[in-house]
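> Got a structure here, written out as structure tokens. Questions coming.
The values are calculated or read from the model by the stated rules, or taken from the named source; none is laboratory data. Because the structure is predicted, anything quoted here is derived from the model rather than measured. No Cβ is skipped: glycine too gets one built from the backbone with ideal geometry, and neighbour counts run over all protein chains shown.
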């Protein structure tokens, strides 16, 4: 008990968040266009591709074009992308809301780019990296977590991807199946909060 108490006092947090089959709660976050976005505002969707990402991380930057392509491909199929920046801008100024707006405009993001300003959403999901994907499927009105992990198996070169984990997972849901694998390891930068300064 003393060991656990000491870790809590030093800012250590245990891994947690959603697991496959869990119901995902809605959130209300500010988009780069100034509007407030919640999943409940989307009426005719089959689910969501929720991606925790940011401005500064080289892994996130490497995936930006692929995330745009994923949104363009699957939004019309009922699975739009919702990108969320979970980082504390005091830790990483490049990830400020103002810089999010600049990045979204320069890259031509086709999806909402939301700011988890209070850092309350990413712990609910259990996101630890940027990028980190959570694929939600609407089932009887609830959003159920059906895939967690990486976008694909090559962050450095899209032309050398041999396993398109996220695309395969969305396709499986569209075909009425279950994503396999349901989990992969998210590869990227650690999410920056005040505890990570230690």
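> So how many residues does segment 70-106 have that are more than 17 Å from residue 52 (Cβ to Cβ) and in contact with a helix residue (DSSP H, G or I) (Cβ under 9 Å, 6 or more places away or on another chain)?
Filtering segment 70-106 down to residues more than 17 Å from residue 52 (Cβ to Cβ) leaves 72-78, 90, 93, 98, 101-102, 105-106.
Subset that is in contact with a helix residue (DSSP H, G or I) (Cβ under 9 Å, 6 or more places away or on another chain): 73-74, 77-78, 90, 93.
Summing the residues that are more than 17 Å from residue 52 (Cβ to Cβ) and in contact with a helix residue (DSSP H, G or I) (Cβ under 9 Å, 6 or more places away or on another chain) in segment 70-106 gives 6.
> Related question: When you scan segment 52-60, do you find a residue that is within 19 Å of residue 144 (Cα to Cα), surrounded by fewer than 17 Cβ atoms within 10 Å (Cβ to Cβ) and touching a strand residue (DSSP E or B) at 6+ places or on another chain (Cβ under 8 Å), even just one?
Looking for residues that are within 19 Å of residue 144 (Cα to Cα), surrounded by fewer than 17 Cβ atoms within 10 Å (Cβ to Cβ) and touching a strand residue (DSSP E or B) at 6+ places or on another chain (Cβ under 8 Å), one finds none in segment 52-60, hence no.
> Looking at segment 162-192, which of its residues are in a loop (DSSP other than H, G, I, E, B) and over 30 Å from residue 96 (Cα atoms)?
Of the residues in segment 162-192, the ones in a loop (DSSP other than H, G, I, E, B) are 162-164, 175-182, 184-188, 191-192.
162, 163, 164, 175, 176, 177, 178, 179, 180, 181, 182 - these are the residues of segment 162-192 that are in a loop (DSSP other than H, G, I, E, B) and over 30 Å from residue 96 (Cα atoms).
> In segment 127-161, which residue that is assigned to a loop (DSSP other than H, G, I, E, B) and free of Cβ contacts under 8 Å to residues at least 60 places away in the same chain is farthest from residue 60 (Cα to Cα)?
Here the answer is 140.
> Filter segment 71-80 down to residues that are touching a residue at least 60 places away in the same chain (Cβ under 8 Å) and touching a strand residue (DSSP E or B) at 6+ places or on another chain (Cβ under 6 Å), then give me how many there are.
1
> Of the residues 94, 139, which single one is surrounded by fewer than 17 Cβ atoms within 10 Å (Cβ to Cβ), at pLDDT 95 or above and under 23 Å from residue 28 (Cβ atoms)?
Exactly one of 94, 139 is surrounded by fewer than 17 Cβ atoms within 10 Å (Cβ to Cβ), at pLDDT 95 or above and under 23 Å from residue 28 (Cβ atoms), namely 139.
> Out of 152, 171, 116, report the one residue that is modelled with pLDDT of 95 or more and either exposed (fewer than 14 other Cβ atoms within 10 Å of the Cβ) or within 20 Å of residue 27 (Cβ to Cβ) (or both).
From the options 152, 171, 116, the qualifying one is 116.
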